[in-house]
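What follows is one structure encoded as C-alpha cells, with my remarks underneath.
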Amino acid sequence: MASAREKFDALIIGFGKGGKTLAPYLAQQGLKVAVVEKSPLMYGGTCINVACIPTKALAYQAHLLEQGDPIGAEGKKEKYARAIREKDELVAFLRAKNFDAVNGHPGVTVLTGAASFLSSHEVQVETQAGAWIVEAERIFINTGSVPIVPDIPGMDSTHVYTSAELLDLAALPARLAIIGGGYIGLEFASIYAGFGSEVTVIERGSPFMPKEDRDIAQEVQKALEKKGIRILLETKVNRIEDGEQSAKLILGSSEGREEELEADAILTATGRRANTEGLNLEAAGVEKNDRGFIRVDEKLRTNVPNIWAIGDVNGGP
C-alpha cells in the first residue's frame, strides 16, 4: 500500500521544549505545521517526562523526608513508593496538557511515529496506522539527546538503569551505585540518599566536579558526604557481575587495586549523545560535528539551507 503524502510549510521532528514552543508560533504566522513525536510517552519533551519535572518532584519529597521526624527503613520505602506514584501522576497530567495545547492549536498537526529523512524536503513517518510521507519547505530537528551507555563488560545486567529508567523503579534500592559524577549522577545521588538508599558515586576523573570553582565543588562534596554519600574519585568500573537479587561492580583504582561493590541498582550517568539514530540524516545531507551532534551556525541552521537543529541535538548548552 502506498504511503499517505501531505505537504506542510514546516515540519518539526521532536516534541521537546523547542518544538512545542516553535509550532504554535509558526502556526500564528499562517504556516501549516506538523510535529512528529516518536513516543506517546514523550509528548512535552525530556524535561516534563524524564528529567527536570520528575527529578525535582522526587527531590522535593526526599527533602521533606529528611526534614521530618526520623522513620525506619520500611517507612522510607513506603514514602519512596508513594513519591513515585505521585510523580507519575504529575508527569501524565503535564504530558496530556502539553499534547492538547499543541495538537489543539489551529494549524498544527501532531503525528506520532518514527521519522526518517528521504531527502532534504521529505520525511517518512512510520505511525501505527501506516506510513506517511511529509513534504515541508522548512524542517526543524528537535530530537534531543539520550544517555551514553559506557562500554563496560556486564552493562547488560538487569540491575543497570539509565536516568529515565531509574525514575520508573517502583521499589527503593537499598544500595545504589552511580557511574559518573556529573550533575545528573549527583542529583540522583542526593535524591536517593534522601530516601534512605546507601549511595556510592564512582568517577573516573579527579578532582571532584572539575568544571566548577574549587570552593563550590568542595562545599558540594561536603554536603553530599554529610548525607552519607560515598564518592570514589580516580576509580573506574572494570566489569559488572550480574546476580539474582543484586549486582557486583569490580572497581579499579588508579594504583591498579581492585575493590568489589555490591549494589541493588546501578545508574549509568556518564554523559549524553545526540538522538539521531534512525533519522537517516545522510539522505538529507545534514552534517554532524566530531562529537556526533548536528553541526549548526549561530542561527541554528545546519549545512542544508532549509533545515535547522534546535535543542540538545545540536550539542549546545
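In the set VAL110, VAL123, which member is assigned by TED's automatic domain parsing to the domain that holds THR21, over 23 Å from the mean Cα position of the chain (by Cα) and either without any contact (Cβ under 8 Å) to a residue 12 or more places away in the chain or crowded, with 18+ Cβ neighbours inside 10 Å (or both)?
VAL123
LYS211 versus (1) in a loop (DSSP other than H, G, I, E, B); (2) of a type in the set (D, E, K, R); (3) crowded, with 17+ Cβ neighbours inside 10 Å: which is the lone unmet condition?
The failed condition is (3).
Mind listing whichever residues of the stretch 12-42 are assigned to a helix (DSSP H, G or I) and among the β-branched types (Val, Ile, Thr)?
THR21
Determine which single condition GLN218 fails, assuming it passes every other condition in (1) outside any helix (DSSP H, G or I); (2) closer than 29 Å to GLY315 by Cα; (3) of a type in the set (S, T, N, Q).
Unmet condition: (1).
Any idea which residue in the stretch 58-102 is nearest to GLY16 (Cα to Cα), counting only those that are of a type in the set (S, T, N, Q) and in contact (Cβ under 8 Å) with a residue 12 or more places away in the chain?
ASN98
So which of ILE178, ILE139, ILE133 is at pLDDT 95 or above, more than 17 Å from GLU37 (Cα to Cα) and aliphatic (A, V, I, L, M)?
None of the other options fit; the residue is ILE178.
Within 24 Å of GLU234 (Cα to Cα), touching a Gly at 6+ places or on another chain (Cβ under 9 Å), charged (D, E, K, R) and assigned by TED's automatic domain parsing to the domain that holds SER163, is that true of GLU262?
It is true that GLU262 is within 24 Å of GLU234 (Cα to Cα), touching a Gly at 6+ places or on another chain (Cβ under 9 Å), charged (D, E, K, R) and assigned by TED's automatic domain parsing to the domain that holds SER163.
Could you run through the stretch 220-265 and say how many residues are buried (at least 18 other Cβ atoms within 10 Å of the Cβ), over 19 Å from THR162 (Cβ atoms) and small (Gly, Ala, Ser)?
Selection size over the stretch 220-265: 0.
Only one of these conditions is not met by ALA131: (1) of a type in the set (A, V, I, L, M); (2) surrounded by fewer than 17 Cβ atoms within 10 Å (Cβ to Cβ); (3) within 15 Å of LEU267 (Cβ to Cβ). Which number is it?
(3)
Of all residues in the stretch 44-57, count the ones that are without any contact (Cβ under 8 Å) to a residue 60 or more places away in the chain and assigned to a loop (DSSP other than H, G, I, E, B).
Adding up the residues that qualify gives 1.
Within the stretch 118-162, how many residues turn out to be in contact with a helix residue (DSSP H, G or I) (Cβ under 6 Å, 6 or more places away or on another chain), closer than 19 Å to ARG291 by Cβ and part of a loop (DSSP other than H, G, I, E, B)?
Total meeting the criteria: 3.
May I ask you to list the residues in the stretch 171-221 that are in contact with an Asp or Glu (Cβ under 6 Å, 6 or more places away or on another chain) and among the charged types (D, E, K, R)?
Selection gives ARG175 alone.
Can you work out which of the residues in the stretch 266-281 that are closer than 20 Å to ALA10 by Cα and touching a Phe, Trp or Tyr at 6+ places or on another chain (Cβ under 8 Å) is surrounded by the most Cβ atoms within 10 Å (Cβ to Cβ)?
So the residue we want is LEU279.
Would it be correct to say that GLU37 is in contact (Cβ under 8 Å) with a residue 24 or more places away in the chain, under 25 Å from ASN314 (Cα atoms) and not β-branched (Val, Ile, Thr)?
Yes: the conditions hold for GLU37.
For the condition aliphatic (A, V, I, L, M), over 18 Å from the mean Cα position of the chain (by Cα) and in a strand (DSSP E or B), what is the one hit in ALA171, ALA177?
Every option except ALA177 fails the conditions.
Which of the residues belonging to the stretch 266-281 are in contact with a Pro (Cβ under 7 Å, 6 or more places away or on another chain) and either assigned to a loop (DSSP other than H, G, I, E, B) or among the polar types (S, T, N, Q) (or both)?
THR268, THR270
Quick check on ILE294: is it in the same structural domain as ILE184 (by TED's automatic domain parsing) and among the β-branched types (Val, Ile, Thr)?
no
Output yes when any residue across the stretch 152-170 is within 12 Å of LEU11 (Cβ to Cβ) and among the acidic types (Asp, Glu), and no when none is.
no
The values are calculated or read from the model by the stated rules, or taken from the named source; none is laboratory data. Computed from a predicted structure; not experimentally measured. As a convention, Cβ positions derive from the backbone with ideal geometry for all residues, glycine included, and neighbour counts pool all protein chains shown.
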